[in-house]
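See structure below.
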Amino acid sequence: PGGTESDAPARRVEIDAVEYAFEAREAIIINAGDTIEFVVSNAGVEDHQMEVLTDANSVLGRTERISPGGSDTVTVTFSEAGVYRVICDIDQHRSLGQIAEFPVRDPS
């Protein structure tokens, strides 16, 4: 499930990474089949990164390590409805709460 290839153009979603959370700049509604380009900006003072995971913890995509003030992108196609997560996998950031869950809806 999932992947990074799709014929549909990617929709851009902007996310800020801070200590120790992800903050979306708007409400994010994702349907199964959508391709999303996540633009992750480091608005914190430590390095961050973002991984997109399925409910089975499979990695669909990840950014590189992002220095404070920097940004990176990751494009993911959500082929199935379900609950997905984003995490920061640097040091103990995930255990400190830098994780967020979001639903991907069945469009029918």
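The values are calculated or read from the model by the stated rules, or taken from the named source; none is laboratory data. What you see is a predicted model, and the numbers here were worked out from it, not measured in a lab. Here Cβ is always computed from backbone atoms with ideal geometry, including for glycine, and neighbour counts include all displayed protein chains. Note: areas computed on protein heavy atoms with side chains; ligands, DNA, RNA excluded. Shrake-Rupley method; radii C 1.70, N 1.55, O 1.52, S 1.80 Å.
Accessible area per residue for the chain, computed on protein heavy atoms with a 1.4 Å probe, is 54 Å². GNM remark for the chain: springs join alpha carbons under 10 Å apart, and the peak mean-square fluctuation among ILE87, ILE15, ILE28 falls on ILE28. About its Cα centre, the range 16-67 has a charge dipole of approximately 100 debye under the convention of +1 per Lys or Arg Cβ and -1 per Asp or Glu Cβ, with nothing else charged. For the range 64-94 and the range 13-30, write down the distance between their C-alpha centroids in whole Å. Here the answer is 10 Å between Cα centres.
Leaving ligands, DNA and RNA out of it, report the carbon-plus-sulfur percent of the accessible area of the chain at a 1.4 Å probe. Solvent-exposed carbon and sulfur of the chain make up 44 percent of the total. Towards the positive end of the charge dipole of the chain, with charges on Cβ (+1 Lys, Arg; -1 Asp, Glu), say which of ILE90, SER58, ASN42 has the farthest Cα. Of the listed residues, the answer is SER58. Note on the chain: GNM, Cα springs under 10 Å; of GLU51, GLU26, GLU80, the largest mean-square fluctuation is that of GLU26.
Loop-located trypsin sites (Lys or Arg not before Pro) in the range 1-97 (DSSP state not H, G, I, E or B) with no more than 11 neighbouring Cβ atoms inside 10 Å: ARG25.
Only Cα pairs under 8 Å and at least 6 apart count here; give the relative contact order of the chain as a rounded whole percent. It rounds to 31 percent for the chain. Three semi-axes describe the equivalent ellipsoid of the range 35-102; taken as square roots of 5 times the Cα gyration tensor eigenvalues and ordered largest first, they are 20, 14, 8 Å. Its Cα centre serving as origin, the chain has a Cβ charge dipole (Lys and Arg +1, Asp and Glu -1) of approximately 120 debye.
Among ALA24, ALA56, ALA43, the largest mean-square fluctuation in a Gaussian network model of the chain (Cα springs under 10 Å) belongs to ALA56. Spin-label pair SER67-LEU96: with each label point 7 Å from Cα along the Cα-Cβ axis, the two points sit 1.9 nm from one another. For a test of the definition: using alpha carbon positions, the gyration tensor, and the 1.5 limit on a/c, classify the range 8-60 as rounded, prolate or oblate. It comes out oblate by the Cα gyration axes. Per-residue extension of 0.36 nm, minus the Cα-Cα distance of VAL45 and GLU14, leaves a gain of 9.3 nm for this segment. Using C-alpha pairs below 8 Å separated by at least 6 residues, the relative contact order for the range 8-50 is 50 percent.
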